[in-house]
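The values are calculated or read from the model by the stated rules, or taken from the named source; none is laboratory data. This one's a predicted model, so the numbers in the text were calculated from it and none came from an experiment. As a convention, Cβ positions derive from the backbone with ideal geometry for all residues, glycine included, and neighbour counts pool all protein chains shown. Only protein heavy atoms, including side chains, enter the accessible area calculation; ligands, DNA and RNA are left aside. Shrake-Rupley method; radii C 1.70, N 1.55, O 1.52, S 1.80 Å.
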Amino acid sequence: DVGVLIPLVQCLGQSKIMNTKMAACAGISCIACASENEEILASEDVGLVKVLLVLMRNEKNVDLRAGACSILSNLALSPFNKVHFGDPSASMVVQTLIVVMLEDFGDARTHASAAIKSLTVSPINKPRMIKSELGLLNCLAKVIRRDRGTARQYCCSAISNLAVCVDNKIIMGRSDLGIIKGLQDVITEDFGESRMLVLHSVTWQLQHKTN
């Protein structure tokens, strides 16, 4: 019910009391976990996405910033939301996720990386998210080289998803983007799921001309 959601969103975006903002964030997060709510929460009538993007860019409280990223990551699971969020000309979602991934070193980065992984699943998003002006490939390369946690795994998955497109493979092979060097670092340094993902999935995608 939009009538219930709007007061929560207003508390999250406008309240001056941190405990109130955190409680609103927790409530919205619980609602967002239900797949049937993902599209409603992302609608312009609710206004949640705009509030989340502001928090992700400007919020100094690390827990609240991470909470906002977590909600957006849940919303990005919706096929409908994937298409909208992944369009740089219609939404600032991808650009904001990139900022978080480069600036944050905690849970916010992990949730932002999970959102990017979800968005790269959509066939429509694969060619438009790789555009050089977005800087996503440079971002993914930096995260897989710097991060040693789950964010690295999510970014390796995103690279694998993007590499499904033939045209993307050619772009991703450019040395100046750092993708190949980053993947090499994962193979030599990581002994967990990220390394297995690179060896079995990413490498296969980059070598084979699938579409």
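General remarks:
- The relative contact order of the chain comes to 14 percent, based on Cα pairs under 8 Å that sit 6 or more residues apart.
- Exceeding the 21 Å Cα-Cα cut-off - candidates 16/82; 50/126; 142/169: 16/82; 50/126
- Value in Å of the Kirkwood radius, where the chain supplies the Cα pairs that are averaged: 17.4 Å
- When 59, 36, 189 are compared by accessible area of protein heavy atoms, the largest-first order is 36, 189, 59, using a 1.4 Å probe.
- The range 1-110: relative contact order in percent, alpha carbon pairs under 8 Å with at least 6 residues between: 23 percent
- The residues packed around residue 120, meaning those with a beta-carbon under 10 Å from its beta-carbon, carry a net charge of +3 if Lys and Arg are +1 and Asp and Glu are -1.
- Longest site-free stretch - the chain; sites: trypsin sites (Lys or Arg not before Pro), DSSP loop, at most 16 other Cβ within 10 Å: 61-130
- The chain: calculated mean residue ellipticity at 222 nm from DSSP helix runs of at least 4, using -39500 (n - 2.57): -19500 deg cm²/dmol
- Taking a ≥ b ≥ c as the square roots of the eigenvalues of the alpha carbon gyration tensor, the range 18-102 is oblate, as a/c is not under 1.5 and a/b does not beat b/c.
- Alpha carbon centroid spacing (whole Å) that separates the range 45-68 from the range 124-163: 22 Å
- Entry comment: accessible area of the chain is 48 Å² per residue, from protein heavy atoms only and a probe of 1.4 Å.
- Shape parameters for the range 108-170, alpha-carbon atoms, Rg then Dmax in Å: 10.8, 31
- Accessible surface of the chain [probe 1.4 Å, protein heavy atoms]: carbon and sulfur percent: 56 percent
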